[in-house]
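Heads up, the thing below is written out as structure tokens.
The values are calculated or read from the model by the stated rules, or taken from the named source; none is laboratory data. As the structure is a computational prediction, the values presented were derived from the model and not from experiment. With ideal geometry, Cβ positions are generated from the backbone for all residues, glycine too; neighbour counts draw on all protein chains shown.
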Amino acid sequence: MSRTDFTPYRRTTVGFDRLFDLLEGQVRNNAGDNYPPFNIERRGDDNYRITLAVAGFRPQDLDITAQQNLLVIQGKKRDDEEVAGQMLHVGIANRGFERRFELADYVRVDNADLSDGLLVIDLVREVPDAMKPKKIMVNGQPTLTAVPTDKDADAA
């Protein structure tokens, strides 16, 4: 088992405890279960896409729950209909699953679509206006900017 030690970083940073706990938890919880396989794609500055290969699952077999900073995708195993013949090999997984994705602040699920055995979940980050950077005026005055004068124009 690989263990990541963030102690040197914890000594020199303030307020990042949640991030380090999250990273250490991911290392602990990733026990090697890679079902179903998935991709995470960045589609722009504030747009992301998660694609899961969920062949054999119907929309009613999937449960997607988004809560603050957590996206949980569950696939519920269903009883197979009776097959006409005898199965000699079963290589297509038909087992239930649960995938958890930790989301950054202000990331929300925009859309979910199931097509051709792929579950596509689009995410978007929407930072509230109150949290966006803003200019601060000193003494209520705008900051100074250089304005060309007639002397500058004559020198050129």
Item to check | Members of the stretch 110-126 found to be modelled with pLDDT under 95 and under 23 Å from Leu23 (Cβ atoms), listed by number | outcome: Arg125
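Just to check your reading of the model, which residue among Asp110, Asp116 is under 22 Å from the mean Cα position of the chain (by Cα) and either exposed (fewer than 14 other Cβ atoms within 10 Å of the Cβ) or within 18 Å of Ile40 (Cβ to Cβ) (or both)?
On the way: Asp116 fails: under 22 Å from the mean Cα position of the chain (by Cα).
Unique residue meeting the criteria: Asp110.
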Item to check | Verdict on Tyr9 being over 14 Å from the mean Cα position of the chain (by Cα), surrounded by 10 or more Cβ atoms within 10 Å (Cβ to Cβ) and modelled with pLDDT of 80 or more | outcome: no
Checklist entry - Can you list the strands (runs of 3 or more DSSP E) found entirely within the stretch 38-108 that contain at least 1 residues being basic (Lys, Arg) and not assigned by TED's automatic domain parsing to the domain that holds Gln26? => result 38-42, 47-53, 97-102
Checklist entry - If you check every pair at least six apart or on different chains, which have Cβ atoms under 8 Å apart with a residue in the stretch 127-138 that is modelled with pLDDT under 80 first and a residue that is of a type outside the set (A, V, I, L, M, F, W, C) and outside any helix (DSSP H, G or I) second? => result Met131/Tyr106
Checklist outcome for this item: For Leu88, the lone unmet condition from (1) aliphatic (A, V, I, L, M); (2) modelled with pLDDT under 90; (3) within 19 Å of Arg58 (Cα to Cα) is (3)
